[in-house]
Amino acid sequence: MPDQHPIIAGAEPLSVAGGPVGVLVLHGFTGNPSSMRGLAEAFVDAGHTVEMPRLPGHGTHVDDMVHTGWADWSGAAEAALVDLESRTDEVVVAGLSMGGSLTAWLATRHPELAGIICINPAVAPQDEMLSVVTAMVAAGDTVMAGIGSDVADPDVVESAYPQTPLAPLVSMFEVAAEIVADLPKIECPLLLFTSPQDHVVPPTDSDLLAASVSGPVERVSCERSYHVATVDLDKQMIFDRSVEFVASVTA
């Protein structure tokens with residue numbers, strides 16, 4: 001169903017026509033495009049054609065997200081990719097957190113991608129957490145405390161929902177094992193940013209991704225940042241390294 005609430009200021013999607021290289025930028029779970037805007041704009045400044053969708057149910061009100069799930073987000077991400085590919089010669093996908101999961105998922109299905117960039121990606125199955133959340137849903141709960149704004153910079157607050165919707169979370173956990181099984185299909189270059197101090201997604205998820213893909217992996221540690229590293233103290237380093245990576249894999 002379409003969102004029933006207005007878009008949060010700053011959470012608008014971004015679509016910029018540029019050169020023959022396309023970059024698809026994907027935000028995280030309960031977050032919105034604001035957390036990735038700086039990165040998306042760095043790609044725009046580099047002359048690329050950039051698409052940053054607002055995933056279904058995100059960037060408005062948590063009530064809009066309660067009725068969405070992995071099929072909605074992955075469907076929107078893949079539709080944006082196919083559209084971007086129709087207008088460009090080569091495409092790189094970049095994603096944060098769940099956006100990183102979507103990036104990896106897209107790469108398992110689209111071997112034509114020139115490269116992928118994952119920032120603190122959520123990829124590992126969370127069986128224990130899944131059983132807890134499933135029990136909460138069965139008990140009639142719809143939301144729990146939010147996971148947003150895990151940021152080291154004291155001057156930055158991430159725009160994210162104050163609650164985490166449970167059924168959508170279950171849908172993400174349920175596909176994790178399938179995605180992990182398909183990770184060896186990824187043969188394109190991977191640029192992987194990991195925050196050692198991440199209070200949302202364990203850094204071991206990055207280890208799993210790096211160990212599972214079949215293509216070359218370049219790893220970068222975000223020593224000064226927490227989970228939402230794209231708005232944190234290492235953000236400029238992420239922007240610079242990402243722009244360099246896109247240039248190198250599309251040269």
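The values are calculated or read from the model by the stated rules, or taken from the named source; none is laboratory data. None of these values were measured; they are calculated from a predicted model. For neighbour counting, all protein chains shown are included, and Cβ atoms are generated from backbone atoms with ideal geometry for every residue, glycine included.
Among strands (runs of 3 or more DSSP E) lying entirely in the range 141-251, which contain 2 or more residues that are closer than 24 Å to TRP70 by Cα?
By residue number, 143-145, 163-165, 190-194.
Could you list all residues from the range 157-197 that are β-branched (Val, Ile, Thr) and within 19 Å of ASP232 (Cβ to Cβ)?
Once the filter is applied, which keeps residues that are β-branched (Val, Ile, Thr) and within 19 Å of ASP232 (Cβ to Cβ), the range 157-197 yields VAL157, THR194.
Among the listed residues GLU85, GLU41, GLU78, which satisfies the condition of being surrounded by fewer than 24 Cβ atoms within 10 Å (Cβ to Cβ), out of contact with any helix residue (DSSP H, G or I) (no Cβ under 9 Å at 6 or more places or on another chain) and either in a helix (DSSP H, G or I) or not aliphatic (A, V, I, L, M) (or both)?
So the residue among GLU85, GLU41, GLU78 that is surrounded by fewer than 24 Cβ atoms within 10 Å (Cβ to Cβ), out of contact with any helix residue (DSSP H, G or I) (no Cβ under 9 Å at 6 or more places or on another chain) and either in a helix (DSSP H, G or I) or not aliphatic (A, V, I, L, M) (or both) is GLU85.
If you scan the range 9-29, which residues turn out to be within 16 Å of ALA77 (Cα to Cα) and either surrounded by fewer than 20 Cβ atoms within 10 Å (Cβ to Cβ) or over 17 Å from the mean Cα position of the chain (by Cα) (or both)?
Result: GLU12, PRO13, LEU14, SER15.
From LEU14, LEU39, LEU26, grab the single residue that is closer than 15 Å to THR230 by Cβ and either free of Cβ contacts under 8 Å to residues at least 40 places away in the same chain or of a type in the set (Asp, Glu) (or both).
LEU14
Yes or no: the range 146-161 includes at least one residue that is free of Cβ contacts under 8 Å to residues at least 24 places away in the same chain, more than 30 Å from ALA17 (Cα to Cα) and not β-branched (Val, Ile, Thr).
The answer is yes; a qualifying residue exists.
Picking from PRO196, PRO121, PRO184, PRO203, which residue would you name as being surrounded by fewer than 17 Cβ atoms within 10 Å (Cβ to Cβ), at pLDDT 95 or above, in contact with a Ser or Thr (Cβ under 7 Å, 6 or more places away or on another chain) and under 18 Å from PHE29 (Cα atoms)?
Being surrounded by fewer than 17 Cβ atoms within 10 Å (Cβ to Cβ), at pLDDT 95 or above, in contact with a Ser or Thr (Cβ under 7 Å, 6 or more places away or on another chain) and under 18 Å from PHE29 (Cα atoms) holds for just one of PRO196, PRO121, PRO184, PRO203, which is PRO203.
Check ALA177, ALA160 and return the single one that is under 16 Å from the mean Cα position of the chain (by Cα) and more than 30 Å from THR250 (Cα to Cα).
None of the others qualify; the one that does is ALA160.
Considering only the range 88-114, state which residues are part of a loop (DSSP other than H, G, I, E, B) and out of contact with any helix residue (DSSP H, G or I) (no Cβ under 6 Å at 6 or more places or on another chain).
If the condition is that a residue be part of a loop (DSSP other than H, G, I, E, B) and out of contact with any helix residue (DSSP H, G or I) (no Cβ under 6 Å at 6 or more places or on another chain), then THR88, ASP89, SER97, HIS110, PRO111, GLU112 are the ones that fit.
Take THR60 and tell me if it is part of a loop (DSSP other than H, G, I, E, B), in contact with a His (Cβ under 6 Å, 6 or more places away or on another chain) and hydroxyl-bearing (Ser, Thr, Tyr).
yes
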